[in-house]
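First the structure, in the form of structure tokens, and then the observations on it.
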Amino acid sequence: MPIAEQTASSTALDPTWVRAQFPALAQTVKGQPAVFLDGPGGTQVPQRVIDTIAEYLSRNNANTGGAYQTGRNTDRMIAKARSAMGDFLNCDADEIVFGPNMTTLTFAMSRAIGRELGPGDEIVLTLLDHDANFSPWKALEEKGVVIRAVKFNEADCTLDMEDLAENIGSHTRLVAVGYASNAVGTINNVAKVVQLARQAGALSYIDAVHYAPHGPIDVRSLDCDFLVCSTYKFFGPHMGVLYGKREHLQKLRPYKVRPLTDNIPNCWEWGTLNHECIAGIKACVDYWEELGKRAKPELTTRRAAILAAHEAIHHHERKMMEKMIAGLLAIPRLKLYGISDQRRFGNRCATFAIRIAGHTPRELATKLGERGFFTWDGNYYALNLTEQLDVERLGGFLRIGLVPYNTLEEVDRLLAALRQIVV
Ligand SMILES: Cc1ncc(COP(=O)(O)O)c(C=O)c1O
């Protein structure tokens, strides 16, 4: 569902409070305030996340399962973080698997699912996806699995839903799709994809890494089988999180060491995890909760507060997106990839991939970087996309990403800097 349709009333985000939470935002470059437009590559973290990580290391640093205070505190802390992520995604705590990042978790899950597959089984992927939701599945070709790659519409970088429906059939075992594109910002109709997969008796695997900071995730109402995200994209530490339906986590067979429990979700978590970062994940969800409660103080549950935070973020990002797209389109020789029609802004998030004739993305990123604007250039691992649009050999795109700690004033400054660079 487009984000715009999910919210009826408007709630305000307090940009001053939001920015005050992030110490990194106080940095300057050559006397100018730094402008962090690199959120799609990883967001900054609130002070409480930093403090919680330091506090864990100072007071509770221990392995799990110990018969002593810090070990027990670590177990309790991990349980709380799992439950917090359960509220973030709307599932139960035992359906939350922690891992180093989305890519590692996806390789692990694709190995386990691949154990059940053989020659002639089919997996449907998309050319719009980040490679982390492509290569781990494509590697199953070595088992005789057939990979089908769904096209996207080049004009607006939206998924070709007809092609997707045509590629799903009686041999389909899994459909892997991104919730939102980390390059061009398109939000896919994942509810429809999940429905098509289910009708064919196939599993659905959703990469929500890029979507998570921008829109609410509800795995129960989506009814997807798996969903992955990375907390470092939504103000948390560098960690990945996988949601798996309990029945799948119980039934599938993870590759694992013998002493590791067979109980879920731990049987999917290998070796000693990054406990300090798991502590940071709980603090990150606390931040989301406070953001929501500031917008709607009457809310009592964590899940409701997270949804309210998303509502406030949506309105703020929408205003910035309108200003940004109008300003970008007014720059001579600039091409914006993805949806640019305001009537369809509900189907995109505030992530912009651009090219400007006569300037390579690296040159633009470098010149912007010198002026204190942190953007990204290249393919951001959305390799199929840059190859199909034939920009891979030209340095990809310049990517500008907005998140809630960005401001309308920063958008104005970025546009002015770009205009200055390209004259
Ligand atoms: C859409 C998307 N999927 C997957 C990934 C990979 O995530 P991780 O770095 O957690 O492996 C990224 C990282 O940028 C991403 O943007």
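Here, each number is a calculation from the coordinates, and none is a lab measurement. These figures come from a predicted structure and were not determined experimentally. For neighbour counting, all protein chains shown are included, and Cβ atoms are generated from backbone atoms with ideal geometry for every residue, glycine included.
Listed by number, the DSSP H helices of the chain that run 20 Å or longer by alpha-carbon position along their axis and have mean Kyte hydropathy of at least 0.5 are 408-422. Counting charges near residue 57 (Lys, Arg +1; Asp, Glu -1) among other residues having Cβ under 12 Å from its Cβ returns a value of -2. In terms of its C-alpha gyration tensor, the range 225-320 has a prolate overall shape, because the principal axis ratio a/c (a ≥ b ≥ c, square roots of the eigenvalues) is not below 1.5 and a/b outweighs b/c.
What's the local net charge at residue 320, with K and R +1, D and E -1, over the other residues with C-beta under 11 Å away? Combined, the nearby Lys, Arg, Asp and Glu give -2.
Quick one: grab the alpha carbon gyration tensor of the range 253-402, order the square roots of its eigenvalues as a ≥ b ≥ c, and give me rounded if a/c is under 1.5, else prolate or oblate depending on whether a/b is larger than b/c. Note, shape of the range 253-402 comes out oblate. If R0 is 45 Å, what FRET efficiency do you get for residue 296 and residue 162 from their C-beta distance, rounded to 0.05? My answer for the efficiency is 0.65.
The sum of -39500 (n - 2.57) across all DSSP H runs of n ≥ 4, divided by the residue count of the chain, sets its helix-only mean residue ellipticity at 222 nm to -11500 deg cm²/dmol.
Does the chain classify as rounded, prolate or oblate by the C-alpha gyration tensor (a ≥ b ≥ c root eigenvalues; a/c under 1.5 gives rounded; else a/b over b/c gives prolate, otherwise oblate)? Oblate shape, in that a/c is at least 1.5 and b/c is the bigger or equal ratio. Look at 210, 315 and count the other Cβ atoms within 10 Å of each Cβ; fewest to most, that gives 315, 210. Counting neighbouring Cβ atoms within 10 Å and putting the fewest first, the residues 387, 289 line up as 387, 289. Averaging over all projection directions, the Cα-based convex hull of the range 176-246 occupies 4.8 nm² in the image plane. Of the chymotrypsin sites (Phe, Trp or Tyr not before Pro) found in the range 343-388, no site is in coil according to DSSP while having at most 12 other Cβ atoms within 10 Å of its Cβ. For the pair residue 318 and residue 147 in one chain, pulling the backbone fully straight at 0.36 nm per residue adds 57.9 nm over the alpha carbon distance. The modelled label-to-label distance between residue 195 and residue 247, using points 7 Å beyond Cα along the C-beta direction, is 2.0 nm.
Ordered by the number of other Cβ atoms lying within 10 Å of each residue's own Cβ, fewest first, 224, 267 fall into the sequence 267, 224. Filter the chymotrypsin sites (Phe, Trp or Tyr not before Pro) in the range 43-89 to those in DSSP coil with at most 13 other Cβ atoms within 10 Å of their Cβ, and list the result. Loop-located and lightly packed - 68. Reducing the range 312-379 and the range 91-129 to their Cα centroids gives an inter-centroid distance of 31 Å.
Using the Cβ-Cβ distance between residue 51 and residue 272 with R0 set to 30 Å, the FRET efficiency works out to roughly 0.85.
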